[in-house]
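Single-structure report; data block below.
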């Protein structure tokens, strides 16, 4: 059994600045930014939203735009056609059901078009300061590589991480695992030799036994 708290403590020392790297000022802005971040870097999303949110930054504003208008604004994010449709439909639904406000429960968030559990948990943990475990590709890869979990899907990873990580650490551990995945435990070529948790990592041990 891994000493999860020990691993997280080391990662906290390694990445003292670990936090959400998407720029936002409201729950709705974070929701839009997270939808845009699918298969796109946070740096690119922030460049797009810096200009986008100057023009439109509420559900009501987006609901009045056409899909083509939204597409034109977010074109450089990739997958912009489907993202435009999701942002438009989500904005309309927020206006219809919640007076344009973003709900603060998982059940209501995942009913929005284009909002899965990961996006919902990002919004809950960062915009509403709730304990939530958001599992993106980095968290899924790193958690399984280290050996914190052994799962086949992001959703199973979410539930297993919630079991092994203390609840008060859920939200921050998400950022720590992302930072580690981006900086050291990279997808194609993890830099194991400089990794501060290699002695607690199943992947490293298996390769060096």
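What do you reckon, is residue 9 in the same structural domain as residue 197 (by TED's automatic domain parsing), without any contact (Cβ under 8 Å) to a residue 40 or more places away in the chain and either surrounded by fewer than 16 Cβ atoms within 10 Å (Cβ to Cβ) or within 28 Å of residue 165 (Cβ to Cβ) (or both)? Reasoning before the result, please.
On the way: in the same structural domain as residue 197 (by TED's automatic domain parsing): yes; without any contact (Cβ under 8 Å) to a residue 40 or more places away in the chain: yes; either surrounded by fewer than 16 Cβ atoms within 10 Å (Cβ to Cβ) or within 28 Å of residue 165 (Cβ to Cβ) (or both): yes.
When the stated conditions are applied, residue 9 passes them.
Determine whether the stretch 187-208 contains at least one residue that is under 22 Å from residue 37 (Cα atoms), in a helix (DSSP H, G or I), touching a helix residue (DSSP H, G or I) at 6+ places or on another chain (Cβ under 9 Å) and in contact (Cβ under 8 Å) with a residue 40 or more places away in the chain. Give the derivation first.
Step one: of the stretch 187-208, the residues under 22 Å from residue 37 (Cα atoms) are 187-188.
Subset that is in a helix (DSSP H, G or I): none.
Scanning the stretch 187-208 turns up no residue that is under 22 Å from residue 37 (Cα atoms), in a helix (DSSP H, G or I), touching a helix residue (DSSP H, G or I) at 6+ places or on another chain (Cβ under 9 Å) and in contact (Cβ under 8 Å) with a residue 40 or more places away in the chain.
Just the residues that are touching a residue at least 24 places away in the same chain (Cβ under 8 Å), surrounded by fewer than 19 Cβ atoms within 10 Å (Cβ to Cβ) and closer than 23 Å to residue 178 by Cα, please, taken from the stretch 41-60. Don't jump to the end; show me each part of the working.
Restricting attention to the stretch 41-60, the residues satisfying the condition of being touching a residue at least 24 places away in the same chain (Cβ under 8 Å) are 44-50, 53, 57-60.
Filter once more, keeping what is surrounded by fewer than 19 Cβ atoms within 10 Å (Cβ to Cβ): 44, 46-47, 50, 57-58, 60.
Passing the criteria: 44, 46, 47, 50.
Would you mind listing the helices (runs of 4 or more DSSP H) fully within the stretch 54-140 where at least 3 residues are at pLDDT 95 or above and farther than 20 Å from residue 38 by Cα? Walk me through how you get there before you give the answer.
Values: elements: 59-63, 67-74, 80-98, 106-109, 117-127.
Once the helices (runs of 4 or more DSSP H) in the stretch 54-140 are filtered for at least 3 residues that are at pLDDT 95 or above and farther than 20 Å from residue 38 by Cα, what remains is 59-63, 80-98.
The values are calculated or read from the model by the stated rules, or taken from the named source; none is laboratory data. This structure is a prediction, so every number in the text was calculated from the model and none was measured. Glycine gets a Cβ as well: all are built from the backbone with ideal geometry, and neighbour counts include every protein chain shown.
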